[in-house]
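Reviewing the structure listed below.
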Amino acid sequence: IKILTICIVLTASLKSFALPIEASKELQKSLVVSEELHISEGLPHQAFERTLLKSELNRKDKTLIGSFPFYTPKVKATGDVEKSLRHILGSQSILRPHSDKLCGGFHPDYAISWYIEDEDFSALICFGCGEVKFLTPSKTLHYDLTMKSLDSLKLLLKPFHSKRPLKN
């Protein structure tokens with residue numbers, strides 16, 4: 001029983017916190033009131049585009065957000081894009097409790113980043129899984145996105161595809 005308990009505790013500690021939607025309220029509020037939002041494009045998928053990823057990891061123009069690689073420099077969101085990102089990602093109605101999927105693993109296509117009182121926050125968006133991970137300095141909140149919000153984010157972020165090679 002002790003070994004089983006240790007395995008369960010270790011497994012739970014390695015996963016993101018799957019919290020109720022309400023747990024995201026303050027984080028989403030910080031996104032809405034932050035001074036600026038920045039968009040970062042993710043590198044190729046770690047499972048489905050391994051050869052491309054290996055090549056792209058040799059580039060100098062990349063950084064990590066959480067444990068995922070993104071191209072640099074990030075782009076400041078402005079105008080209607082900024083307004084739409086705040087509206088979509090700041091709304092609890094876009095979120096559903098996270099459920100495990102057989103999609104090749106979470107891979108953020110884009111990160112939306114903001115800063116409050118010198119602390120970094122990010123929303124990592126995975127189009128393949130239809131998920132978002134909100135990263136704070138102290139925790140990760142992992143949710144599924146509604147189809148409507150996912151489709152809106154895909155359209156909104158499409159113009160920011162600039163460095164990631166297309167699949168062959």
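Descriptive notes on the structure:
- Within the accessible area of the chain (1.4 Å probe), percent carbon and sulfur: 59 percent
- Spin-label proximity, Lys62 to the range 85-117 - amide N less than 14 Å from point 7 Å beyond Cα toward beta carbon: 108-109
- Whole-angstrom gap from the range 137-155 to the range 38-62, using each part's C-alpha centre: 20 Å
- Database remark: amide H of His98 closer than 5 angstrom to the amide H of Asp144 (H placed geometrically; neighbours at sequence offset of 5 or more, or on other chains; Pro and chain starts carry no H).
- The residues neighbouring Glu56, those whose beta-carbon lies less than 14 Å from its own, together hold a net charge of +4 under the Lys/Arg +1, Asp/Glu -1 convention.
- The GluC sites (Glu not before Pro) of the range 62-168 that meet both conditions, a loop assignment by DSSP and at most 15 other Cβ atoms within 10 Å of the site Cβ, are Glu117.
- Three-way shape label, the range 86-166, alpha-carbon gyration tensor, a/c 1.5: rounded
- Mean-square fluctuations from a GNM of the chain, with a 10 angstrom spring cutoff on Cα atoms, peak among Leu57, Leu95, Leu141 at Leu57.
- Of the trypsin sites (Lys or Arg not before Pro) found in the range 52-125, those in coil by DSSP whose Cβ has at most 11 other Cβ atoms within 10 Å are Lys60.
- 15 Å beta-carbon shell around Pro44, net charge (K/R +1, D/E -1): +2
- Bridging of Lys163 to aspartates and glutamates at a Cα separation below 19 Å is possible for Glu41, Glu49, Glu56, Asp61, Asp109, once same-chain residues fewer than 8 apart are set aside.
- Model label zone, Lys158; criterion: amide N under 18 Å from point 7 Å along Cα-to-beta-carbon; scope the range 41-74: 41-42
- Extension gain from Asp80 to Glu36, taking 0.36 nm per residue of separation minus the Cα-Cα distance: 14.5 nm
- Entry note, the chain: the mean residue ellipticity at 222 nm calculated from DSSP H runs of n ≥ 4, each adding -39500 (n - 2.57), is -9000 deg cm²/dmol after division by the residues and rounding to the nearest 500.
- Formal net charge of residues neighbouring Ser152 (Cβ-Cβ distance under 13 Å; K, R +1; D, E -1): +3
- GNM on the chain, alpha-carbon springs under 10 angstrom: the most fluctuating residue among Pro108, Pro137, Pro73 is Pro137.
- Over 23 Å apart at the Cα level, from the set Lys29/Lys83; Lys62/Lys158; Lys76/Lys101, are Lys76/Lys101.
- What the chain shows is 60 Å² of accessible area per residue, with the surface traced by a 1.4 Å probe over protein heavy atoms.
The values are calculated or read from the model by the stated rules, or taken from the named source; none is laboratory data. All values derive from a computational prediction rather than experimental measurement. Every residue, glycine as well, gets a Cβ built from its backbone with ideal geometry; the counts of neighbours run over all protein chains shown. For the accessible areas, the whole protein counts, side chains as well, though only heavy atoms, and no ligand, DNA or RNA atoms are used. Shrake-Rupley method; radii C 1.70, N 1.55, O 1.52, S 1.80 Å.
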